Amino acid sequence: MAYTFVRNAVQLVFSTKHRRPIILDFIKNELHNYLGGICNQLDCQAIQVGGYSDHVHVLCLLSKKIALMKLAQELKSRSSGWMKTNGDVFQDFYWQEGYGAFSVHHSNLDNVSLYISNQHIHHQSVSFQDEFRAFLIEHNITADERYLWQ
């Protein structure tokens, strides 16, 4: 085959360190746009970025030129540095160590995008921890709770 064809949609989910609710309303949209911009710079087309006060969801098409681990590292390190430039309240802004990455079938992109855009409604009744546990169950991933929330 003369060409390489790749279309891997992925939903990355990661939380602030200790799930601190530090993603304040006045900065949330800018942070989401910044994360989407990082994806696009890395040739990982951003589809939807959203989240809540203590975590984010990034839905994108993973480029054939970058490993998933590198994308997560770039998203977290660049955005953490950017957040710290936005005022004293963010000087102690950090992301958790790990992340979740879940494949999304192309037929489900619209549903996942809508889900991400409605995080403010979803989290009126469901905690981030319960949401993340549900992702793990849905994707048949076993995790040790002792290390899940570090």
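Using the alpha carbons alone, the radius of gyration of the range 62-150 stands to its Kirkwood radius in an Rg to Rh ratio of 0.98. Taking the inverse of the mean reciprocal distance over all distinct Cα pairs, the Kirkwood hydrodynamic radius of the range 30-91 comes to 12.0 Å. Charges were assigned to the Cβ only: +1 to each Lys and Arg, -1 to each Asp and Glu. The resulting dipole of the range 73-147 about its Cα centre is roughly 160 debye.
Shown here for the range 48-150: GluC sites (Glu not before Pro) in loop regions (DSSP other than H, G, I, E, B) with at most 13 other Cβ atoms within 10 Å, namely GLU97. Working note: 222 nm ellipticity from helices only, DSSP H runs with n ≥ 4, each -39,500 (n - 2.57), summed and divided by the residues of the chain, gives -12500 deg cm²/dmol to the nearest 500.
Each of MET69, GLY98, VAL56 was placed along the dipole of the range 42-148 (beta-carbon charges, centred on the mean Cα), and the one lying farthest toward the positive end is MET69. Which net charge results for the neighbourhood of PHE102, defined as the other residues with beta-carbon distances under 15 angstrom from its beta-carbon, given Lys and Arg at +1 and Asp and Glu at -1? Charge balance near PHE102 sits at -1. Working ranking of peptides 102-109, 52-59 by packing, defined as the average number of other Cβ atoms within 10 Å per residue, highest first, is 52-59, 102-109. Among 83-89, 43-49, 110-116, the peptide with the highest mean count of other Cβ atoms within 10 Å heads the list, and the full ranking is 43-49, 110-116, 83-89. If you wrap the tightest convex hull around every Cα atom of the chain and split its volume per residue, you get 118 Å³.
Projecting the Cα atoms of HIS32, ILE141, LEU42 onto the dipole axis of the range 8-148, where Lys and Arg carry +1 and Asp and Glu carry -1 at the beta carbon, places LEU42 farthest toward the positive end. Computed from the Cβ-Cβ distance with R0 of 22 Å, the FRET efficiency linking GLU145 to LEU24 stands at 0.20.
Each reported figure results from applying straightforward, stated rules to the coordinates on display, with no laboratory input. Just so it is clear, the structure is predicted and the values come from calculations on it, not from any experiment. When we count neighbours, we look across all protein chains shown, and the Cβ atoms used for this are built from the backbone with ideal geometry, even at glycine.
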